[in-house]
Amino acid sequence: MTKSEKVTFVINTLNELYPEIPIPLDHKDPYTLLIAVLLSAQCTDVRVNQITPILFAKADNPYDMVKMSVEEIKEIIRPCGLSPMKSKGIHGLSEILIDKYNGEVPQSFEALEALPAVGHKTASVVMSQAFGVPAFPVDTHIHRLMYRWGLTNGKNVQQTEKDAKRIFPEECWNDLHLQIIWYGREYSPARGWNLEKDIITKTIGRKSVINEIKK
């Protein structure tokens, strides 16, 4: 297959498997999504979805969040890991949203990435899922699968994101990044991988990856 044929095969296969695409992190608006994505750094979405209802019952908007102390936030979010950094970030960004944006989440990459504890991936998820702006957030699943499929040689997520944006049509980005995440979890995990079930890798995968799994 040519690279363009591979890309078409990936898009068509994922659309068949995931015509409806659930968003992994539970949220009700851009603010709660921003907090959930921030908490998901080095933490599973399942764990985040267990913790956010407890946090949001106390504060689901920046005005209520700043009434809590950093220590109170830290105690609630401790199971998500990195709680000292994340709690400071949540409190700090909530203050900035009130002071600069009337309590609203800004709709630009630049403004989001300027917030405490908000990196490019978090900003991309919010822009994509909250505001519908084309973005291609790359997590470990996407990074792994893009390499397995021979669609990137990227040694890091930054290069993988550039390659994904270059080869996939922009109008597909927001759906694709979620579809690839779900596919990676269900069919092409890092451990316990069954190549026979992984139709995309089995069909277009990097030869060195397939040879390694067949050993």
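The values are calculated or read from the model by the stated rules, or taken from the named source; none is laboratory data. Just so we're clear, the structure is a prediction, and the values are computed from it rather than from any experiment. Cβ placement follows ideal geometry from the backbone for every residue including glycine, while neighbour counts extend to all protein chains displayed. These accessible areas exclude ligands, DNA and RNA; they are computed on the full protein's heavy atoms, side chains included. Shrake-Rupley method; radii C 1.70, N 1.55, O 1.52, S 1.80 Å.
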Could you list, by residue number, the cysteines of the chain that have no other cysteine's beta carbon within less than 4.7 Å of their beta carbon?
Cys172
Any chance you could look up the accessible area of Lys202 with a 1.4 Å probe, heavy atoms only, rounded to 10 Å²?
100 Å²
Rounded to the nearest 10 Å², the 1.4 Å probe accessible area of Glu16 is 150 Å²
Cα-Cα over 21 Å: which of Lys165/Lys207; Lys6/Lys121; Lys3/Lys215; Lys121/Lys202; Lys3/Lys202?
Lys165/Lys207; Lys6/Lys121; Lys3/Lys215; Lys121/Lys202
Against the empirical 2.2 N^0.38 Å scaling, what ratio does the C-alpha Rg of region 158-206 come to?
1.24
Lys28-Asn156 FRET efficiency (beta carbon distance; Förster radius 35 Å; 0.05 resolution)
0.60
Please give the calculated 222 nm ellipticity per residue for the chain, where each DSSP H segment of at least 4 residues contributes -39500 (n - 2.57) and the sum is spread over every residue; nearest 500 deg cm²/dmol?
-18500 deg cm²/dmol
Using +1 at the C-beta of Lys and Arg and -1 at the C-beta of Asp and Glu, which of Phe109, Ile200, Asn61 has the Cα lying farthest in the positive direction of the dipole of the chain?
Ile200
Would you please give the FRET efficiency between Met85 and Arg191, computed as 1/(1 + (r/R0)^6) with r the Cβ-Cβ distance and R0 = 22 Å, to the nearest 0.05?
0.20
Per residue, how big is the convex hull around the C-alpha atoms of region 1-62? Give it to me in cubic angstrom, could you?
125 Å³
Note down the magnitude of the dipole of the chain about its Cα centre, charges +1 on Lys and Arg C-beta and -1 on Asp and Glu C-beta and zero elsewhere, to the nearest 20 debye.
1140 debye
Using a 1.4 Å probe, what is the accessible area per residue for the chain, in Å²?
50 Å²
Whole-Hz Karplus couplings 3J(HN,Hα) for region 58-67, θ = phi - 60° and coefficients 6.51, -1.76, 1.60, Gly and Pro as x, run 8, 7, 10, 8, x, 5, 6, 5, 6, 6
Going through region 1-34, which trypsin sites (Lys or Arg not before Pro) have at most 12 other Cβ atoms within 10 Å and a DSSP loop state?
Lys28
Computed on alpha carbon atoms, what radius of gyration and Dmax characterise the chain, expressed in Å?
18.6, 58
Hull surface divided by four, with the convex hull built on the Cα atoms of region 30-147: how many nm²?
7.0 nm²
